[in-house]
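The values are calculated or read from the model by the stated rules, or taken from the named source; none is laboratory data. Not measured: the values here are computed from a predicted model. Positions of Cβ are generated from backbone atoms using ideal geometry, with glycine treated the same way; all protein chains shown enter the neighbour counts.
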Amino acid sequence: MRVAIIGSRGYPYVYSGYETFVKYLVEGLVAKGIDVTVYCHGNLYKEKPKQVNGVNLVYMPSVQSKAFSQLLNASFSFLHAIFRPYDVILVINAANGPFGLLTKWAGKPTAINVDGLEWLRPKWKGTGARYFKWAARQACRFYDVIINDSEEMRRVYLQEFGRASQVIAYGGIVRQSTQPQLISKWSLQPGEYYLIVGRLIPDNNADIIIEGFTSSSSTKKLVVVGDVPYKDAYAERIKGLTDDRLVFTGYIRDQEVLAELYHHAYGYLHGHEFGGTNPTMLEALACGSAILALNTPFNQEMLQEGRYGRFFEKNAESVKLLINKVEHQPEEMQTMKEHSPKGITKKYTWDFVVDEYIKVFETLLKK
C-alpha cells in the first residue's frame, strides 16, 4: 500500500501537534510495511534527503507566512500527488478542504484529519475565520472519510456540517525520567517550576496563564516552552513580559529534554482552547505531570471529567486562585503526578492509532 500525507510542515520537522502526530504515524506505518510519502514545506529544510527512517520525502515550495504557507504548499503538493501512483492520500488540516475537489476528480481515495475548530481561533479573525469554516464545509463535501480526534469534535462536525466522522485520537508514550540533569540548562530544580508547552498564539491562552501566575503568591518559576515561526505581535508581547520567575525557552525540539521538563514540573498548565485531543496534554499525562487545564469540553474529555487533572476558567483570577491553592497541596500534586500515566488508555496509544488509520486506508481501497 502506498500512502501520501499532505498538510503538515513535513517530516521529521517537529514543533507542533501536527508534526508530532505525523512523526509517530508515519514511523508506525513504515514499521508495518506500508510505503509512506510525506509532502514537506521546502523552505523549512536546509538539507533535503529523499528518504529519512524509511519515509519518502517530497519538498514543495512554501513561504514563511501565518496565512499563506499552508495553502501555497498544499496547492503544489496536491497537484503533484494526484498524478503519482499513491493508493491512498491522507490530508491533514481543515484548511485543505477545498483541495478535496482535486483528489475527487483524480479518483484518489482520500481521508482528511480536520483537527480543531480553526474558525473560532482568535488568530484567524474576519476573512481567515470565514475561510476556515468554509474550508471545513468543503472537506465534508469532497473527502471520502472525515477523521476527528475526539468525541466532542465528532459531535461538533455532525451538528455544524451534518457529516459523520470517525474518531481517531493521538498517542502518548509513557516514559520515566532518565536524565534529570537536562533541566539544569535553565537553572531549574525539580518541583520548583510550573510548565507551559505550546505555540504562543491567542487560543493557547499563555497570556492569561502568565498573568494569573505572576499575580499569585508562588515563589516557583514558570517555564514557557514555545514560540511561533513568524513575526507576531501577540507572541512578542508575551516574550517581552518581565518577571524574575518567568523563563522563556523558545522551541525545544529535543524530545528527551522536553520529557524531563514535563517529569519534574510541579504542575503543567494547559490553556489550549479549541483543539480536540491535544498532543501536548498527552505528553504531560505520559510523563507524569500534575495537570491544571483550561475548562473546555475537549480538556474535560481528555482528563476524563477531572479524573486526571484540575481545571481553571478562562481568566487570570481563576488561574491565580488555583495556583495559590495547589501551592499548599504538595502531597495531592504528587499523587496526581503518579496517577497521570494511567490516563494514557488504549485509544491514546500510538499502536492503536496507527492500526486505526490502516483500517481507514484499507476501507478506502475496498471502496
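Would you call Leu102 over 18 Å from Glu19 (Cα atoms), aliphatic (A, V, I, L, M) and surrounded by fewer than 16 Cβ atoms within 10 Å (Cβ to Cβ)?
Working: over 18 Å from Glu19 (Cα atoms): yes; aliphatic (A, V, I, L, M): yes; surrounded by fewer than 16 Cβ atoms within 10 Å (Cβ to Cβ): no.
No: the conditions fail for Leu102.
Restricting the search to region 105-136, which residues are part of a helix (DSSP H, G or I), within 19 Å of the chain's Cα centre (by Cα) and either buried (at least 16 other Cβ atoms within 10 Å of the Cβ) or at pLDDT 75 or above (or both)? Full working, then the answer.
First, pick out the residues of region 105-136 that are part of a helix (DSSP H, G or I): 105-106, 118-120, 127-136.
With the extra rule that they be within 19 Å of the chain's Cα centre (by Cα), the set shrinks to 118-120, 132, 136.
Within region 105-136, Glu118, Trp119, Phe132, Ala136 meet the criteria.
Of a type in the set (D, E, K, R), under 23 Å from Arg245 (Cβ atoms) and in contact (Cβ under 8 Å) with a residue 60 or more places away in the chain: does that describe Glu317? Can you show your working first?
Values: of a type in the set (D, E, K, R): yes; under 23 Å from Arg245 (Cβ atoms): yes; in contact (Cβ under 8 Å) with a residue 60 or more places away in the chain: yes.
So Glu317 fits the description; yes.
Report yes if Phe213 is modelled with pLDDT of 95 or more and assigned to a strand (DSSP E or B), otherwise no.
Working: modelled with pLDDT of 95 or more: yes; assigned to a strand (DSSP E or B): no.
No; evaluated as a whole, the condition is false for this residue.
Just name the residue that is farthest from Asp149 (Cα to Cα) out of those in region 9-57 that are modelled with pLDDT under 95 and aromatic (Phe, Trp, Tyr).
If we take residues in region 9-57 being modelled with pLDDT under 95 and aromatic (Phe, Trp, Tyr), then Tyr45 is farthest from Asp149 (Cα to Cα).
Kindly list, by first and then second residue, each pair from a residue in region 340-367 that is aliphatic (A, V, I, L, M) to a residue that is surrounded by 17 or more Cβ atoms within 10 Å (Cβ to Cβ) and at pLDDT below 95, limited to pairs with Cβ atoms under 6 Å and residues at least 6 apart or on different chains.
Correct list of pairs: Ile344/Gly172; Val353/Gly171.
Is there any pair with a first residue in region 21-32 that is in the same structural domain as Asp115 (by TED's automatic domain parsing) and more than 14 Å from Gln255 (Cβ to Cβ) and a second that is in a helix (DSSP H, G or I) and acidic (Asp, Glu) whose Cβ atoms are under 9 Å apart and which are 6 or more apart or on different chains, and what are they?
These pairs meet every condition: Gly28/Asp351; Gly28/Asp355; Lys32/Asp355.
Just need a number here: residues in region 220-236 that are in contact with a Lys or Arg (Cβ under 9 Å, 6 or more places away or on another chain), in a helix (DSSP H, G or I) and among the hydrophobic types (A, V, I, L, M, F, W, C).
1
Mind listing whichever residues of region 137-149 are touching a residue at least 60 places away in the same chain (Cβ under 8 Å) and surrounded by 19 or more Cβ atoms within 10 Å (Cβ to Cβ)? Walk me through it before giving the result.
Residues of region 137-149 that are touching a residue at least 60 places away in the same chain (Cβ under 8 Å), as a first pass: 144-145, 147-149.
Val145, Ile147, Asn148, Asp149 - these are the residues of region 137-149 that are touching a residue at least 60 places away in the same chain (Cβ under 8 Å) and surrounded by 19 or more Cβ atoms within 10 Å (Cβ to Cβ).
Which residue, of Gly276, Gly288, is part of a loop (DSSP other than H, G, I, E, B), under 21 Å from Pro190 (Cβ atoms) and of a type in the set (Gly, Ala, Ser)?
Details: Gly276 fails: under 21 Å from Pro190 (Cβ atoms).
From the options Gly276, Gly288, the qualifying one is Gly288.
Would you say Lys359 is at pLDDT 95 or above, in a helix (DSSP H, G or I) and basic (Lys, Arg)? Explain how you work it out, then say what you get.
On the way: at pLDDT 95 or above: yes; in a helix (DSSP H, G or I): yes; basic (Lys, Arg): yes.
Considered against the rule, which asks whether it is at pLDDT 95 or above, in a helix (DSSP H, G or I) and basic (Lys, Arg), Lys359 comes out as yes.
Among the residues of region 237-259 satisfying the criterion of being hydroxyl-bearing (Ser, Thr, Tyr) and either in a strand (DSSP E or B) or touching a residue at least 60 places away in the same chain (Cβ under 8 Å) (or both), which is surrounded by the fewest Cβ atoms within 10 Å (Cβ to Cβ)? Before you say what the answer is, go through the steps one by one.
Looking only at region 237-259, we keep the residues that are hydroxyl-bearing (Ser, Thr, Tyr), and these are 242, 249, 251.
This time we only want the ones that are either in a strand (DSSP E or B) or touching a residue at least 60 places away in the same chain (Cβ under 8 Å) (or both), so: 249, 251.
Details: Thr249: 17, Tyr251: 15.
Per the stated criteria, the residue is Tyr251.
So that you can scan it fast, the table gives a plain yes or no per residue for (1) on the phi > 0 side of the Ramachandran plot; (2) not assigned by TED's automatic domain parsing to the domain that holds Tyr262:
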position: Tyr131; (1), (2): no, yes
position: Arg141; (1), (2): no, yes
position: Val156; (1), (2): no, yes
position: Gln166; (1), (2): no, yes
position: Arg175; (1), (2): no, yes
position: Gly191; (1), (2): yes, no
position: Tyr194; (1), (2): no, no
position: Pro202; (1), (2): no, no
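Check Tyr262, Tyr234 and return the single one that is touching a Cys at 6+ places or on another chain (Cβ under 7 Å), among the aromatic types (Phe, Trp, Tyr) and in contact (Cβ under 8 Å) with a residue 24 or more places away in the chain. Spell out how you get there, then give the answer.
On the way: Tyr234 fails: touching a Cys at 6+ places or on another chain (Cβ under 7 Å).
Exactly one residue qualifies, and that residue is Tyr262.
Name the residues in region 293-307 that are surrounded by fewer than 24 Cβ atoms within 10 Å (Cβ to Cβ), modelled with pLDDT of 95 or more and touching a helix residue (DSSP H, G or I) at 6+ places or on another chain (Cβ under 6 Å), would you?
Of everything in region 293-307, nothing turns out to be surrounded by fewer than 24 Cβ atoms within 10 Å (Cβ to Cβ), modelled with pLDDT of 95 or more and touching a helix residue (DSSP H, G or I) at 6+ places or on another chain (Cβ under 6 Å).
Can you give me the number of residues within region 169-210 that are touching a residue at least 60 places away in the same chain (Cβ under 8 Å) and under 30 Å from Asn148 (Cβ atoms)?
Looking only at that region, the number is 20.
Residues in region 169-203 that are in a helix (DSSP H, G or I) and touching a strand residue (DSSP E or B) at 6+ places or on another chain (Cβ under 8 Å): how many? Walk me through it before giving the result.
To start, the set of residues in region 169-203 that are in a helix (DSSP H, G or I) comprises 180-186, 202-203.
Those still in the list that are touching a strand residue (DSSP E or B) at 6+ places or on another chain (Cβ under 8 Å) too: 186.
Summing the residues that are in a helix (DSSP H, G or I) and touching a strand residue (DSSP E or B) at 6+ places or on another chain (Cβ under 8 Å) in region 169-203 gives 1.
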